[in-house]
Each structure stands twice: as structure tokens, then as C-alpha cells.
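These notes concern the structure reproduced below.
The values are calculated or read from the model by the stated rules, or taken from the named source; none is laboratory data. All figures in this text were calculated on a predicted structure; none of them were measured in a lab. Note that each Cβ is placed from the backbone with ideal geometry, even for glycine, and that neighbours are counted across all protein chains shown.
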Amino acid sequence: MSEIVISTTNLHKSYGLKDQEVHALRGVDISIKEGEIVGVMGPSGCGKTTLLNCLSGLDSFDDGNILIQGKSLKDQNDDQLSEFRAKKMGFVFQTYNLLPVLTAVENVELPLLVSGFSGKEARIKAIKKLAEVDLENQQHQLPGQLSGGQRQRVTLARALVNEPAIVWADEPTGNLDSENEQVIMDLLIQLNKDNNQTFVIVTHSEYVGGRAHRIINMKDGEISK
Amino acid sequence: MDKIFGIPANNLAIVMAVLLILVLVIVTFGSIRRFILFKMGTRNIPRRKGQSLLIVIGLMLSSIIIATSLGIGDTVRYSIRFVAVDSLGVVDEVIKGPGKQLFGDEYFDYSEFTYVQDISKDNVNIDQLIPYIQTTLPSSNEQKDIAESNMSVRGIDFSYIDQPFENTDGKEISKDLLGPNTVFINYDAGKVLELSKGDTIQIYTNQGPNNFVVEEVLKSGGITGGSSYPYVTFELSTLQKLLGKENQITNIAVSNIGNGDESLEYSDDVTNFLRSQLTNNDVASEIFDLLKSNDIPKFINQEAEEIKETDKETYEKLTDLSKKLTDNSYDDEFLISISDYPTRLLLLGILEKTGFQKEAAKVLVLSQDLTRLRVDNTKSDGVKLAEAISTGVTTIFSIFGSFSIMVGMLLIFLVFVLLAAARSTELGMARAVGLKRRDLIQLFTYEGTVYSFLAAIAGTLLGVGLSFGLVYILQDLIGTDNFNILPYYSPISLLIAFASGLILTFITVVFSAYRASNLNIVVAIRGLKDEFVKKAPDPINIRFNQLLWNLLYPIKQLYFIFTGKAPRVRSLLLLVIFPVSWPFNFIKSLFVLFGKHSYVLLGVISLLLLLTGIQNSAYVNIWFGTTGGVLAVALLIRFISSKYINDPETVNQIGGTLEGGLVLLVNSLPVSFYENFSGELSQPGPWSWPLGGAISTAAAVWLLMSNTRFLIFILNLILSRFSGLKAVTKTAISYPMASKFRTGLTVAMFGLIIFTLMIFSVLNGIGDVASEEPERVTGGYDIKASISSELPIQGKIEDSLNMNEFSTVFGSSSIDIEIKETDGENTSFKTSRLISYEEDFMNTTKWRMAHFDPKYGSTDKEIWQSLVNNPNLVVASGSIIPSDDPFGPPNRSFQTSFIEPGDEKEINAFDVNIRKRRTSEDAEKFTVIGIVERLAEDSGFGGGNAKFYTTYSTGNSIAKENLPLDNYYFLLSGDQNPENYAQKLEKTFLANGMNAYSLLDRLESEQATANAFNKLFQGFSGLGLVVGVAAIGVLSVRAVVERRQSIGVLRAIGFKSSMIRTQFLIESSFITILGIFVGIFLGVLQSWLIYNEISKELEGAKFVIPFGEVGILIGLTVIASILASIIPANQASKTYPAEALRYE
């Protein structure tokens, strides 16, 4: 029986000033098990990305609680959260968000360097991870010299290089054509099988949602189904 | 100031005012016409207050530097002028004896005064003539045991003074109060000798001390003594009696009509009138007839042409003279020219050189009776001196400041590049909805003008304040009681400082705006990285047509104005400035025509420059020619590489390395390298220094930024050792290395400033030879003492001293001489000074030779000894070797043509002809066997007039009389303190007016002053660092905005907020350190080249890099940069990751 690695209770989050306040999350309760691929779907502005940001500790929340691997995010300060992200989490973004001034391999090895790996070790692991996403030959290219699909694969390699327990993906295929969308999802599912990592994917894509183990639907800041 | 940067100040002010009005009119007119553009441009200023403030601080530097330079010049001019005007009072010109006397005061008969009265009675410009005696005598206050060995003493014929005097309380004092036993003293004499009204003062003559009662202490200033010098005033007859000079005077003061500055307007007229009247007409006419014969005017003209470049004033004198002789127009102007002693010497030289020996001899004999009395244009000359010194000071400060001005302009450029980048989407949208390119230029120009205006106001005001602060420091450094700094800023300077600061900033703003407007709309809207996209070149036929059009540039602009095919206002402006815009546009279209093959054109132009440089021996042409030439070669290699190498980064690396490296190399070659091939080259002016520095810095930065791959590799290799910082340093280095343009600009800013500071630091160290081996300056003696030649020591000085206390005591005397090379190029007599020493000097001096003829000895000692053994030998001072002093006036004293700076130590002796000044006797031949190094006291660096050293007996034989010893040197045998002993000597020889000082103390205080000056200039040059630091601040602010999303990503992958802050701080420190590295490298390289030149003349000079000073410099600069980026870095670190990721 798999353990629950992510759970929230009565999660609330608002933005903006008093008179223009947006209540983005209104008492969200979810739990996700280890090794699950969970799709978070819903219309624009329903709070998907906000939920992801709160779960990953990128954003604060107003009320309720989040437990990641049994640890409450509420009890951790900014530095502890950063360390937690460095060691336990990986991120994939719609706009890739690779650092334009670093080569593919340098982008991938960056989380390892943050986690304290030596330069040599980090480089070996990064190259290995790039090989897994079939980009070994492009390792010294800058993001600007890669195609959209290639860039997203580098992002994936970066997200997985430190073997995180959880990978957060915000519209990972939003900028890709259907062919590349399929490639990325195949890769993602294969990695999930190989390493038993938990994937939380925010997406609009029916295709991506279809390949997840489970879907969480959201509407107006609440879980709708 | 009369002239600023060689341009008459009034003209410059008018031009600046016109340009300022033009700028304001254009901006105002444009903004009223399209107010929306003005609003769009300027709305960002109040929105981002911090950024605006940072920009204004950076931009105001040009104004600060210009305003400070002008303010220092103004204050120095005003202060010196005050001294001249104050010390002279109503006196405008001074008439003196004919100048035949070799030493001492030259007295002439009182009847000469009557003659002068007679000739000037009809001259309406002359108000008063006052006969007086001017001398220096020892004085004391016996009651208080205080003495002043050099008291200025005047005996005035009060019957010719109209105005009463004023005492220190402001009360009017009648001139009739003085009796045969009373004197007036001025405030400073009262202060020095602690005397008040009614006290007794002792005045020493060769008959001994005489007591006088102080009748009144007068306010300083005017004929009874001004300008902080102590004065004692007698009634003329009293002083005549005291000195045994009955019926004789030394001076006649001439007062023009008008008060204060007004009287100066008549100075030249009155001086010329008196000079012509006091010149013997018959003799002058005879000389005129002699000079106009035998094509002599042609030869005078030829000589004038030869010195045209080096001495413009003398050139003009000679050409005028030649014209007068050719036109046979004998007039007062000729009389004035011929009565001028240096001009006469020059004429004699021309006659002798061109084979008119007989005529020369005749002119020489006639000259003896030519001048009845000499007329000094004293007040006007003092004012002119003030102008010359202040212009020099302004030039020096401007040149040192020019590096900072360049840095300031780079900052303006950088700021606008960043502003354009920040607003590229907004501007792209504006263009998409119909805004024209010129609208964007206007938009940026309006914003820039507001910044420039604010910066010019703030900068000018700060500059005025800073100039006053600096001159007060200068006064402390000069450390004299007789010169007071009076802060002054002329309205003209204020206008020039404000306008030039604003215009410089404005020009850079317009240029930056032009560049910023050159955006690609699509790229800008999509917010892609390359904001500025190169357009495809036009077809060759269009480029050729453009070239032809630009050949007829003014006609092209006229055509546009009439047809309206281009904006009329712009065409009109370009037409107005066509002397600049025509050649610029023509050359630009030539390069456009050649396109990617521009290296061919550059090569051709460079070759032409090189050839003309070799032909005209002009270093500037050779310098630009070789620089352009190597650049053309490097560009050719870049072009060839691009054909064979596919990776553009590699092509850039090869091209950039060669371009930067080769330009740096040829700019680092000393002039002597080129002279090996081309012979002697003419040196460019002081402007070449900042220009050379700028070229070298640009080349070094280009070289560095072309090798970022290599640099990143090396740095990663080093920094990967610090495991905790690996991730941080990787991003901190990669970002600036990716933005090559802005990083390069900032590196160049720091590079330029550190470059100048390094040169100062290293050169400071080279001069330390004097502290390490002071005997090379002092000769090894402890005390030097001068005495009045009117009051020589009777008998031998040793008789009045306890000789057990001294190892060596000897005397010397000095006279003015005329000297020329017997052979060689300098065969015209020039003035110089002959110093003849008693024999002990030759046996004991530790002065060293910079050059000597080994035939006369193999050591310094043997060379000095040769003078004793052979009375036909002399040694010269280092100042006879011509040196290029770009700041000083032309050196008109004797210089040799046999030796050049940097020549070997061993030389061949050469012959000179020497005779005493203003004599018709034949000159005697002597052999110069050695040149004393410039370090030696009495030689002095730069501008020092030539001196020759010989034995006392040889001196007497040249003077044809026994010269009085006027200087003494003492070497103490025990441990006595030289300064205390100097005071003891002054007391012992008070009756001889002895003024003694410790040579070592004097040297130390001079060195302290020189070091302090150096530090002052260093501080002034260091102002540019403020701009560099401001640039770092601006860059950091921009980086935080630009990289918000990346910050979010970094935070997402685990960067702590402190790591983000550290990353930004490392990034700014890294850019700063790169700049420092470039600056130190260039500074050390340049100083080493300078050191090489200096060490040829200064044995024992050491090249020391002051690591301590460099360390402090690096530390302070890096700390300042960190401080400038700490606020944006903090801001970045506090950004919430999710918020940063949301940022578009």
C-alpha cells in the first residue's frame, strides 16, 4: 500500500487588496499517494497554478495546512523550504524557464550544485540524465539553440536530476505540438515507472489528463469532483 | 580666464550659450509640437525615483569635472592676479637701469627721472611717475631678538606721491610724517619683527646696523609693500644717505590713468611708448639699415618658420620684424622689438648662422648703447602670468578629468541602452501603432534632456564647491605665507561649465536615442533578446548613389530643405554643421559602400596616414596609421575565418582577439620604437594621453569580451573549488558574460579610471630615488645659504666660523651668461646661468652625471675634478637636454642639439661659446664634458632654465672681474640639527642678509608637497569611480527587473534567498574586478613604458607596483560596487518565488 506524500486540509489562499481580493483557493482538501501521476484540471483562473505553487512551497497560503511527506509546510521557514525543494522536488514549467545563459548540461546540473554535489559528480549525473531524455549530443548548446521540445526535455532532466520524490509540472506541454506532447508524456510516464516518483501536473490538455492516474478537477478555487 | 582649452573664453562662452539656447529651443519647440512624446518620455522620471536619482548622479560627473577644472583655474588666476595688482598698487610699469650690471642692484642717476618726466609729459595715459630705490636689506628687532634677513626696503620720493597712506586701523597717514630717523613698515613687517608704532627697527648696511623709529604701521598693499611680503619704507633721501647712493635711484614707478583694472588697459600703450622713447633712436636706425640689407629679412623669416610650431610668440615677433625690414618701415614698433633683449640675441644668432659675422659684431657693439633704461610692463605681466598659470592648471585638471568625462559619457550611453531594452516592448508597440523612428529619438531625447538638465545644474554647483575645496588643499600644499588663495568663480566659467556639461550629455543622449530607436518592431513586441537587429545592406548601386550624394553633402541638404523629401529641420541643422557633418557622412558612406570589406578601405586610409606620418615625421599620423593598419589586418582575418569556420562564436573569438590584441600592442609601443624606423618624430599635444588611454582600454575590453568562453572556463575551474558557492558563482559569472555589450561598457568605465590611478601610483614610486639617495639631490651638504650680493662677506667665511663644527664649507657665485654651441644646430646665443663654485665643491659633491665624456674621467668624481684641472671645461645641468613639456611655456633658454632624452650615458664632449650677458666682448670657447642628472638640486624637473657649472676662477675669468660669493654650502661634522644650525648661521651673518635652510628638510617638504599633489590629482581622477559605481547600481537594478522569472526558477530549484542576494553581489563584484584587472594591466603597462623613459635619465629609478595601494584601491572599489548593488540584490532576494515566476 503506497503512502500519502501530499495532503492538504482546508487550504485557503487570497490575492490582492481588500476591495479587489481574489479568493484563489477556498478550502481545498486533497491527498496524493507516492508514485501517483495526478492531473489538476479546470478552467483558467480556477486556482490550479496557485494550488501547485502552494503545494510546492513557492507561495505562502492563508489558512489550512499542507503536509509533504508528513512534514507541515507551515512549520518551515524560507530557507528550509528552499532546501526541501532542492532535495525533494523537481519543477517543469510551461515556458521551460531554463536559464538562457547556461548550456543544457549546466542547467541540468544546477539543482545538484545547490544540493551540495561536487562539480564533477554533478556533471556526470547531469549528462546521464540528459542521455535519458535523449539530449546527450545537445548538452553544450544554449537553450536558445534548442527547439521547444528539446527545451522541455532539458527542463524535465533538470526536474528529475536530483531524483526528487515529487515533480511539479505546470502546463508542461502547453507550448508544444501534439507530437512533442506525446514524447514528453511518454518520457514522464516511463520515468515515473522507473523511479516511482509522484507527479502533479497542472494541465488544460485532455491528452495529458487522459494519461494521468487520477484527475483533480477544480472550479472557482474548490475541488469540483 | 582669457583662454580655455586654447580658445578665447569669451568666444567659447558665446558658442556655448548659442548651443545651449539652440538645444533648449529645439527641445521646447519639439515638445510643444508633440506634447504626447514629451509626456511619454518624461513620465518615467518621477515613477522610478531611485533609478532617476542614480542616473542623474552618474550623468553629472562631466559637469562636475569641467566645473571643477574651470573653478580651480579661476581661483588660481584671481589669487595670482590679486598678488600682482595688490603688491603694485597704483604702479603699472616699472622703469629700471639698462641691465648692464652683472649682479646686485643697478642704480642710475636721478637726472634720468627728470628725463623720463620730460619725455612723458605729453602722454595723457601716464598719471604719475615716482622715483624710488628698491633693495633688500637685513633687519632686526633687537629688543625681541628677532631678525629678518631679507627685508624689502624702499626709499620713495614722496613729493611725487599724491595720495595719503592708510595705517592698519584705517586711519589716513600723511606722507610728510617721515623724517631722517623714521620709517614706515607694512603690516607684514610688523608681524614678522613684532614691531609697533614707536618701536625701533635695525636696518643693516655694509656699514653696520642703523636704528630707525617706526613712525607708522601701514596697511599692506600698494607702493609701500603688499602681497604679504614685509616692507620697510624710507623717504628717498634718507635711504640714499644710508646706502651711500646720493642722487641715485634704482626704479621709476609709472602709474597709468584709471584705477585698478582700468589702468591695465593702457599698460601696453604706455610700455611701448616708454620703450620707444628710452631706446636710442640713432643706434636703432643704424641697426635697422644693417638688418634690411643683404636679404637678411629673408633669413629672419626662415628662422621664424623653423620655430613656428614650438614658439608661436617668437615666430610672430620675427615675422613682423622681417616684414618691417622688407617694407623699409622704421617705426616705434621696430624700436620696441629691437630693444627686446631675447629678440636681439635671436637676431644675432640668425646673422652669425647665415654668415653675416661682420654685421653681427656690429649689431652687438651698437646694442651696448641701444637701451637707455628698461621698461617692465610689471602689472600687465603679472596679470598675464596669472592667466598663463591658471590656463595651465585648468588644462592639467581637464586632462586628468577627461578620463572621468569619457566614463561619464559611457554611463549615459549605457543607461540609455538599458532604458531602451527595458522599454523595448512598449516602444515596439508604439512603433506598431504608427510612431515614427524619429519620434522615438525625440521621446528618448526629452527624457535624456531632463536628466541632463538636472545633472548639469547639480554637477556645476558641486563642481564649484569642489574646486574651492581643492584649491584650499592646494594652498596647504604650497604652504607659503605670501600667497593667499581667494576663491573665485567667474560667471563666464559658470556658463561654460554648465553649458558644456549639458551639451556633452545631450550629444550622448541624442546618439544613444538614435541607437535605441533602431529597433525591430516584431522583435521588440515579442520581447526577444536581440532588440537591435541589423538591417540587410542596401544593393551596391544604392550605396554608390549615397556616396555620390554625400560628396555633395551641403547641396543634398539644400535639396531636402527645398523639396521636403527629408525632415526640413533636421536637414537645416545638418547644413548648419556641415563642416562636421559633411566629412563624417562622406566617410560613413564610404564604409557603407565597402560593407563587409571595409577593412580594405581602413587599410588604404591607414596606409596613407602612415606614409604622410613618415614624410612629415608626425607621430600622430604614424600612431593612427599603424592602429588602423593592424585593425584592418585583423578584420581581414575575421572575414577569412568566417568563410571557413561555421561557429560564429569562434569567428568572433578569433577576430576579437586579434583586433583587440593588435591594437593594444601597437598602442603600447613607445615612440622610440617608431623612431627606429622613421627618425625623430614630432610629439602630439597632451590630448593624446586621454585618447591613447581610451584606445588602449577599448582594445583591452574588446580582447577580454571576445574571450568570454575562455574566461568562464578559467573562472569555473577556480571557483568550482569553493563547493558552497558553486551554483551561485556559475550563474553570477554566466549572466554578465552573456550580456557582453553592457558588461564591456562597465568594464571599460572601471578600466579607464583604474588605469589613470595606477599610473599615478606607480609613477609616485619611481620618484622615490630622491628619498633613498638624498645626496643625489643635495650634493651631500647639510645647509645652503644665500646672501645679498650687495652685502658680501668680507674676507673668508671660514674666519667667522668655528671650523671644527664643519667638514666642508665653500661658496659659489652666479651670473647671467649668453651661450651657444660652437658647432651643432644651436648656434644662436641664448641666455643661461653660470654657477662657479669654490674648489671644495668639485672635491666633495655627490651630484651625479646623467651623461659624461669618458675621455675626461670614468667616475662622477673624476669628471668634477677635471674642471679643477682644466679651466676650459664646464658641466651643464640636465635642463639643457630638450624635453617635451606639454604643459609649460616654450623653453627659450639654451638647449643642446647633441643629446636627446634616453641617450647613452657616455657621450662625446661638445664645445660651447660663453660670454657674460649684454656685452660686446668676444665669447670664449669651453667644452661641456658632462651633464648633471635632473635630480640634482638647482637643476629641477621641467621648465628649469639651463645652468652651467664651473670653478670660481673660471667664473671670474668669464665675468672679467672678481665675483662676490652669493651662496654658501655647509656640511656639518657633528650631529647638529641642520635646521637649527641654519638659524644659527642666519644670526651670525645677519649683516650679510643670510638666508639659510637645511637641504634635507627642504627636499623632504618638497617631496611631501609633490606626493600630496599627486594624491590630489589621484583623488580628482578617482571621481570617475563614482560613475563606475553608479553604472553597477544601474546594471543591478536593471538585472533584477529583467531576470525576475529566472530568480523564480532558481528559487524553485532550491536557491535560498541569501543565495540570490549573493549571486547579484558576486556579479557586480565580478564586473568591477574585471574592470580593475583591465585598468591595472593597462596602468602597469603604461607606467612601465614611462618608467623605461625616465630610468634612462634617472639612474637607480625603480619600478615598483605599490601592492598596498593597489589592494586598498581594489578593496574600496569593490566595496563601493557591492554597496551600490546591495539594494537591488536585496530586492531580488526578497521576491517570492511564485510572484517571480508569474512575472512577464
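A few points about this structure:
- Checking every residue in region B:127-145 against the condition of being assigned to a helix (DSSP H, G or I), within 30 Å of B:Glu262 (Cα to Cα) and either modelled with pLDDT under 90 or within 43 Å of the chain's Cα centre (by Cα) (or both) gives zero matches.
- Restricting region A:67-106 to residues that are polar (S, T, N, Q) and under 21 Å from A:Gln197 (Cα atoms), the residue that is farthest from the other protein chains (Cβ to nearest Cβ) is A:Ser72.
- For region B:687-694, the count of residues that are away from every other protein chain (no Cβ under 14 Å), under 30 Å from B:Leu1065 (Cα atoms) and in contact (Cβ under 8 Å) with a residue 24 or more places away in the chain is at least one.
- Of the criteria (1) crowded, with 18+ Cβ neighbours inside 10 Å; (2) of a type in the set (D, E, K, R); (3) outside any helix (DSSP H, G or I), which one B:Glu680 fails: (1)
To keep it simple, each residue is scored yes or no on (1) under 17 Å from B:Ile130 (Cβ atoms); (2) crowded, with 21+ Cβ neighbours inside 10 Å; (3) assigned by TED's automatic domain parsing to the domain that holds B:Asp105.
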residue	(1), (2), (3)
B:Ser152	yes, no, yes
B:Phe165	yes, yes, yes
B:Ser196	no, no, yes
B:Asn206	no, no, yes
B:Ile223	yes, yes, yes
B:Tyr231	yes, yes, yes
B:Leu239	yes, yes, yes
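- The residue of region B:871-889 that is nearest to the chain's Cα centre (by Cα), among those that are at pLDDT 80 or above and of a type in the set (S, T, N, Q), is B:Ser879.
- The number of residues in region B:1100-1129 being surrounded by fewer than 18 Cβ atoms within 10 Å (Cβ to Cβ) and either within 14 Å of chain A (Cβ to nearest Cβ) or touching a Phe, Trp or Tyr at 6+ places or on another chain (Cβ under 8 Å) (or both) comes to 1.
- Residue in region B:448-464 that is β-branched (Val, Ile, Thr) and at pLDDT below 85 present: no
- Take the conditions (1) within 13 Å of another protein chain (Cβ to nearest Cβ); (2) of a type outside the set (Gly, Ala, Ser); (3) crowded, with 16+ Cβ neighbours inside 10 Å; A:Lys120 misses just one of them, which is (3).
- Index of the failed condition, B:Glu862 passing every other in (1) over 30 Å from B:Gly208 (Cβ atoms); (2) part of a helix (DSSP H, G or I); (3) of a type outside the set (Lys, Arg); (4) in contact (Cβ under 8 Å) with a residue 40 or more places away in the chain: (4)
- Close pairs (7 angstrom Cβ cut-off, 6 or more residues apart or separate chains): more than 13 Å from B:Gly661 (Cα to Cα) in region B:618-639, at pLDDT below 95 and not in a helix (DSSP H, G or I) anywhere: B:Ala618/B:Leu681; B:Ala618/B:Ser682; B:Tyr619/B:Leu681; B:Tyr619/B:Ser682; B:Tyr619/B:Gln683; B:Tyr619/B:Pro684; B:Val620/B:Pro684; B:Ile622/B:Leu681
- Among residues of region B:691-701, those that are buried (at least 21 other Cβ atoms within 10 Å of the Cβ) and at pLDDT 90 or above, counted: 5
- Single residue of B:Ala699, B:Ala727, B:Ala748, B:Ala770 found to be part of a helix (DSSP H, G or I), of a type in the set (Gly, Ala, Ser), touching a helix residue (DSSP H, G or I) at 6+ places or on another chain (Cβ under 9 Å) and within 14 Å of chain A (Cβ to nearest Cβ): B:Ala727
- Residue match in region B:581-594 (condition: surrounded by 13 or more Cβ atoms within 10 Å (Cβ to Cβ) and within 21 Å of B:Ile26 (Cα to Cα)): yes
- Condition met for A:Leu55 (within 14 Å of chain B (Cβ to nearest Cβ) and without any contact (Cβ under 8 Å) to a residue 60 or more places away in the chain): no
- Scanning region B:1003-1015 turns up no residue that is surrounded by fewer than 23 Cβ atoms within 10 Å (Cβ to Cβ), within 20 Å of A:Pro100 (Cβ to Cβ) and outside the structural domain of B:Val393 (by TED's automatic domain parsing).
- Condition met for B:Leu411 (modelled with pLDDT of 75 or more, part of a helix (DSSP H, G or I), over 12 Å from B:Val1027 (Cβ atoms) and of a type in the set (A, V, I, L, M, F, W, C)): no
- Filter result (at pLDDT 80 or above, surrounded by fewer than 16 Cβ atoms within 10 Å (Cβ to Cβ) and among the charged types (D, E, K, R)) within region B:906-924: B:Glu906, B:Asp911, B:Glu924
- All of B:Ala1030, B:Ala996, B:Ala991 fail the test of being outside the structural domain of B:Phe948 (by TED's automatic domain parsing), over 30 Å from B:Gln51 (Cβ atoms), under 37 Å from the mean Cα position of the chain (by Cα) and crowded, with 21+ Cβ neighbours inside 10 Å, apart from B:Ala996.
- Per the conditions (1) closer than 30 Å to B:Arg33 by Cα; (2) surrounded by 24 or more Cβ atoms within 10 Å (Cβ to Cβ); (3) within 37 Å of the chain's Cα centre (by Cα), the sole criterion not satisfied by B:Ser467 is (1).
- The residue list A:Ile32, A:Ile37 contains one member that is farther than 22 Å from B:Val1049 by Cα, in contact with a Phe, Trp or Tyr (Cβ under 8 Å, 6 or more places away or on another chain), surrounded by 13 or more Cβ atoms within 10 Å (Cβ to Cβ) and modelled with pLDDT of 90 or more, which is A:Ile37.
- For B:Asp782: the one exception among (1) touching a Gly at 6+ places or on another chain (Cβ under 6 Å); (2) modelled with pLDDT of 85 or more: (1)
- Boolean, A:Ala157 is surrounded by fewer than 19 Cβ atoms within 10 Å (Cβ to Cβ), more than 10 Å from chain B (Cβ to nearest Cβ) and among the aliphatic types (A, V, I, L, M): no
- Against the list (1) among the hydroxyl-bearing types (Ser, Thr, Tyr); (2) crowded, with 20+ Cβ neighbours inside 10 Å; (3) assigned to a loop (DSSP other than H, G, I, E, B), the condition B:Ser761 fails is (3).
- Every residue from region B:590-635 that is touching a Pro at 6+ places or on another chain (Cβ under 6 Å) and within 24 Å of B:Leu551 (Cβ to Cβ): B:Gly595
- Just so you know, in region B:1028-1065 the residues that are β-branched (Val, Ile, Thr), within 14 Å of another protein chain (Cβ to nearest Cβ) and in contact (Cβ under 8 Å) with a residue 60 or more places away in the chain include one that is nearest to A:Val167 (Cα to Cα), and it is B:Val1049.
- Summed over region B:177-206, the residues that are touching a Gly at 6+ places or on another chain (Cβ under 8 Å) and without any contact (Cβ under 8 Å) to a residue 40 or more places away in the chain give a count of 1.
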